[in-house]
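Chemist: Below is one structure. I have some questions about it.
Just so you know, all these numbers are worked out from the coordinates, no wet-lab data involved. As the structure is a computational prediction, the values presented were derived from the model and not from experiment.
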Amino acid sequence: MPARGWMLRTEVIAGLTDDSIKESFREMRASDYRQLLADAQSPDAGLRKIRKRFDEISRIDFFDAPGKQEVLNLMKEMERGVHTREAGAA
């Protein structure tokens, strides 16, 4: 599989620094992860739906925003619950 990556070039825009732009990206993705965690608490939340949305967010999370690991941990817990229910049904 060929390697893929992103390269971003930033310039000072309206007095913004590289660090402030980076922090803005991190905050946007952190907000997305918080919303995903909240959505995952819903009784309608399915693992596939959560995983799909997580994949969408993480693809544009260029700066390792806070909340990513919490969502990963929650998905692992959801996965264990699915496997436990499947084993109990067998």
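Chemist: Among the lysines, which have Cα under 18 Å from the Cα of Lys52 when same-chain residues fewer than 8 positions away are ignored?
Modeler: The reachable lysines, counting only those whose Cα sits under 18 Å from Lys52, are Lys68, Lys76.
Chemist: Before anything else, pin down the relative contact order of region 18-89: Cα pairs under 8 Å, at least 6 apart, normalised by residue count, whole percent.
Modeler: Working: 46 pairs, mean separation 30.1, N = 72.
Taking the mean separation of contacting Cα pairs over the length of region 18-89, I get 42 percent.
Chemist: A further question follows. Which aspartates and glutamates have a Cα lying under 14 Å from the Cα of Lys49, excluding residues fewer than 8 positions away in the same chain?
Modeler: Asp39, Glu79
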